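**Q** The structure that follows is given in the form of structure tokens.
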Amino acid sequence: MLIAASKLQNVPLIGMESHSRLGTIKQCIFHPDTGQLLAFAINLNSVIPRVNYISFNDIVSFEQHAVVGDRECLFDLDDYTKVKNILSQKRPILGQKVLTRDQKYLGDVTDVMIEKTTGQMVEFEVHHLFSKRIFRFNDIDQITTKGVVVKNDLEMVKSGVAVETNTA
């Protein structure tokens, strides 16, 4: 089953045992090369605003209006070097420009669809003016600090079938 990353932002993280709100999901952190959802940045419910993280693997369930995890699994960024290294590369997916290999601008990534059970990015939405395109994760050539570079210029048609348009 797929879930949109946009539907996870600002959703409460609920403690598995305490059933209390631990914080709010601020950001989904994906590995830019594999498309794997590694962790969530969590705004903690505390007097002093602070961000901690929880690994995707430590999420117990995705409920309709909350994500359930274990308080013991929250970690500081310094405790998980893989996430720290990915954040330092500044190669996010959400909000990035999407370009073809020949640098044709296609729009900006507005959402990412994730497989709930594996955390794998399946596809992403790209909006430009009044058009919307859907790309599969496999369409990505590379993710750089300047944007997401796709192999083909795919466009969604009314039937919902992706068709390739000639970019060369």
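A quick yes/no check of all residues on (1) in contact with a strand residue (DSSP E or B) (Cβ under 9 Å, 6 or more places away or on another chain); (2) farther than 22 Å from Phe137 by Cβ; (3) surrounded by fewer than 13 Cβ atoms within 10 Å (Cβ to Cβ):
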{"position": "Ser20", "(1), (2), (3)": "yes, yes, yes"}
{"position": "Gly35", "(1), (2), (3)": "yes, no, no"}
{"position": "Ile42", "(1), (2), (3)": "yes, yes, no"}
{"position": "Arg50", "(1), (2), (3)": "yes, yes, yes"}
{"position": "Ser61", "(1), (2), (3)": "yes, yes, yes"}
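**Q** Then there is this: If Pro92 satisfies every condition in (1) out of contact with any His (no Cβ under 9 Å at 6 or more places or on another chain); (2) of a type outside the set (Lys, Arg); (3) at pLDDT 85 or above; (4) surrounded by 18 or more Cβ atoms within 10 Å (Cβ to Cβ) but one, which is the exception?
**A** (3)
**Q** For the stretch 135-168, which residues satisfy the criterion of being of a type in the set (A, V, I, L, M) and either modelled with pLDDT of 65 or more or assigned to a loop (DSSP other than H, G, I, E, B) (or both)?
**A** Matches in the stretch 135-168: Ile140, Ile143, Val148, Val149, Val150, Val157, Val161, Ala168.
**Q** Anything in the stretch 9-27 that is under 10 Å from the mean Cα position of the chain (by Cα) and either modelled with pLDDT of 95 or more or assigned to a loop (DSSP other than H, G, I, E, B) (or both)? List them, or say none.
**A** Gln9
**Q** Now for a separate question. Condition check: in contact (Cβ under 8 Å) with a residue 12 or more places away in the chain and either farther than 21 Å from Thr24 by Cβ or in contact with a Lys or Arg (Cβ under 7 Å, 6 or more places away or on another chain) (or both). Does Leu94 satisfy that?
**A** No, not satisfied.
The values are calculated or read from the model by the stated rules, or taken from the named source; none is laboratory data. Computed from a prediction, not measured in an experiment: that's the story for all the values here. Ideal geometry is used to build each Cβ from the backbone, glycine not excepted, and the neighbour counts take in all protein chains shown.
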